Each structure stands twice: as structure tokens, then as C-alpha cells.
1. Once both axes come from the Cα atoms, what is the angle between helix 365-378 and the longest principal axis of the chain, in degrees from 0 to 90, rounded to 10?
2. Using DSSP to define loop residues, name the trypsin sites (Lys or Arg not before Pro) in the range 359-462 whose beta-carbon has at most 10 other beta-carbon atoms within 10 Å.
3. Taking the Cβ of Asp347 as the center, what net charge do the other residues with Cβ under 14 Å away carry, scoring Lys and Arg +1 and Asp and Glu -1?
4. For the range 348-404 and the range 83-132, what is the separation of their C-alpha centers, rounded to whole Å?
5. Given the convex hull over the Cα atoms of the chain, what projected area results after averaging over all orientations, in nm²?
6. With an 8 Å Cα cut-off and a minimum separation of 6 or more residues, compute the relative contact order for the range 5-178 in percent.
7. To make sure I understand, if each residue's beta carbon is the centre and we count other beta carbons within 10 Å, what order do Ser279, Ser93, Ser2 fall in, fewest to most?
8. Suppose a student asked you for the relative contact order of the range 192-351, using Cα pairs under 8 Å spaced at least 6 residues apart; what percent would you report?
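No lab work stands behind these numbers, since they all come straight from the coordinates. This is a predicted model, so every value here is computed, not measured. Backbone-built Cβ (ideal geometry, glycine too); neighbour counts: all protein chains shown.
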Amino acid sequence: MSLPSLETTPIPGLVVVRLDLREDARGFFKENWQREKMLAIGLPDFGPVQNNVSFNSDRGVTRGIHTEPWDKFISLATGRIFGAWVDMREGDSFGATFTLEMDPSVAIFVPRGVGNSYQTLEDNTAYTYLVNQHWRPGITYPALSLADETVAIPWPIPLAEAIISDKDQNNPGLDPSTAIPRPKTLIIGAKGQLGRALQADFPGADLVDLDELDMTDAAAVAEWPWVDYDLVLNAAAYTAVDQAETPEGRVTAWAANASAPATLARLSREHGFTLVHYSSEYVFDGTAPLDPGHREDEPLSPLGVYAQTKAAGDIAVGQATRHYILRTSWVIGEGNNFVRTMKSLADKGVSPSVVGDQVGRLTFTTELSRATKHLLESGAGFGTYNVSNGGPAQSWCEVAKQVFELAGRSADDVSATTTEEYYAGKEGLSPRPLNSALDLTKIRATGFEPEDAADALRRYLA
């Protein structure tokens, strides 16, 4: 069967789908919901979990206007309706309306926050719909009067002649003060280097750190209003790579880097929000060829405990329907990091010895945040993307030499050592991948061009 077609409406996110209906003397057949084809025409991957059927025996049955807290995909099994939708969400489109006569060849996707109603135009009409949250007793949601004069829906059958429930006879009129708030963004780990960078690109987001929301605390997680969010950015992580090798650090690392992301993935499936999670090149053992570097689909091969927990977090987040995993390397932001350490040594007149056989690219948190915003706004496909700054891969020693030169010192004041020499006589250090360079082909294909790391470094130190 051919692809359905999609039509936009004056209500943002509300779209009409024309289905491929095959009819003959016996009746008709249609693919009412075919996920692969629906995504191909631009419908969101909204993750339906429940299928409902409302059978209406009489012409003139009129239901709504209901603003339920879930997305809906509506179609008919038989009969005809006049459908009416009103945007009840705060913003410029509040009160916008759209009406459409529907038969089994037509479907419509209704985003949460849009009031939904219909009137049957034939007896024995079967109205079906998929939703992406389970119905539960006690759920309340806003409703709007079918006869509201502001929206003035042109019902084909006058409401005085229609069949309407007592409840729907008494719904209130349109009131801007009761507009449904737009879903929000939540940044977890907002006090960290990446969390602070994300705040600039996602203004107005709710900000939490361990003090406000401990993702390993089941009671705190259960009490949090996840239904208020359509985007969760998980910038929280346990990054003490060597400390993760200790008995205490191992427990904390697994809780923060594996268990917490698994919980977020479950919540994403339950509530329908998009989950963005940040991973590390440490999930690889560093044996990939330097050019092009580690690819997104390379099998995971973590070396140390920290690396193992990050790999487990990647696997868990991958189970969320709507997810992005941004896998990155050598992160530099507003806080303690390698670049600031080298700058401090340069200012103090110290001439350090720095590892020269571990190779990768710096990733500035501003670049990682920019890539996050790009993926979300461009509608890039869900999945895993490598993200770092651009330019040639370099060793830690080469980066340190650049920092020294930018600080007014000679690059010769930095000497190179090997990983083996650096580890000699030291206990409790986690193994590091020798090659941390990431292949950036996939994210470039979305239209994102990484800024050269050398340019970003100059600006950072300026």
C-alpha cells in the first residue's frame, strides 16, 4: 500500500492524515496505523500504549470539547463525523480552531493540550483513537463549552437537536487565564559544567541538581511532576574516573551513570517526553583507527568501572522511544578541567610532563549544548550522535602546548610522556582509551558543522 499523506492545520502540531483506503464490493481495507509509514510522512513517534473505540449508535451524538493529557491519533472504523479542535495551550495560538468532516479514509493527530470534540453524522459510527498514556481513574482535564461563542464552532446539527451528555452540557467558556501551560524543559545536573552551558540555550528550563532531585531516590522520583515536561536533558553524571575504581566510588558510579538513566528511560516511555543523555568515548577501548575514529555503531568495549557504567547508561537510554544520546570526549566548560589546570601551571611557571599517546578532540560545553539544540530543532532522527569540536585529533600534550602558547609561555615548556610512564608506580588509576577521537560524519549529515577546537580554545582562554 502507498504512503498516506499529511496536511498541516492552523493549530500547531495538529495534522490531518489521508489514508490509503482500498474499497471493493466486500467493504474496505486500510492500514490505520503503520508506524514506519507514519514517521516517513512526518508524524511524531508518539508511542501509543492504548487503543480506544467509542461506538455511537445515533446520528447527532456530540462529545467534547475535552483537553486530555495525552496525544491522540483519531480515525473511524465506520461512519462519518464532524470533528472540531480548539487549541487550549497558552501562547499565540490559544483559541485557534480547526474543523473537518471525517470518514474512514481520514485520520488526525491531536497533540496534548488541544481540545478535541466530534459530532456523528451517521448512525452506527465507530470512532477509534490511539493514546500514548494509560487512562487512570481520577484523571481530570480542562473542557470547553460546545456552544462557546468565542470559538463559534459551526456544528452541522444544531446543538439543540444533538445528543449531549449532562457533563458536556455544563462545560465552561473559553478563558485565557485557564490556558494550559506549555510543556517545560528539565535540566538535570544543572550545576555542572554542561548543565550551566545548557541553561544558555534552553532559557526558562527548570533546573535541578542532586539537592533538588536525586534520581536514585525512588520516592523523590515518584513525587516529581514528570507529566509537566516534554524535554528532559540529563547532564548529571559521576565523572571521577579513578575514584570509580574504589568500593565506594563503584557504587556511586553505577547508581548515577547506569541506574538513573535507566529510570529516566522508563519515565520517558511512560510520559512521552524526549530524553537527551550525554555519554562518553570511554565506552570504547580506544583501539579504533584514528581516522575516522569511533563510530556510533561500534560495539561497546569499556575498560574501567566508569566506562562500564557509562556503557550501561547508553544501553538503558536506548530503550526510550524518544531519545538522543550525545557521545562526547574531553569535555571543557566552566569548572575544573584540563585546560584550566594547564593554564594555571603556565601562569605559575611550572613546566609539566603531559601524556602524548592519548589522542582525541576537545569538546567545549557550549558546542555540546549547541549540538543538542540543533538536533532538537532540526528534527533529526532519534538515536546516538558523536559530538565534539572539529579539527585534527590531538594528544593531551599537544593541547597543553597550545594552552601554554596562548598563555604567553613556550610550547617547549611542556614535555611528553607515555601512558605507561605516567601510570608507573601509581595504584588505583582507571585505564584510559588511547584513541578518543570520534567520527563526526553522522551529526554533520544533519547540517551541524562543529567549530574547530583550536578556535574554541582561543576564545575560551581569552
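1. Around 20 degrees separate the two axes.
2. Counting only loop positions with at most 10 other Cβ atoms within 10 Å, the trypsin sites (Lys or Arg not before Pro) in the range 359-462 are Lys426.
3. Spelling it out: positives minus negatives among the neighbours equals +2.
4. Cα centroid to Cα centroid, the span is 47 Å.
5. Over every viewing direction, the Cα hull of the chain projects on average to 26.2 nm².
6. 29
7. Ser2, Ser93, Ser279
8. Once normalised by length, the contact order is 26 percent.
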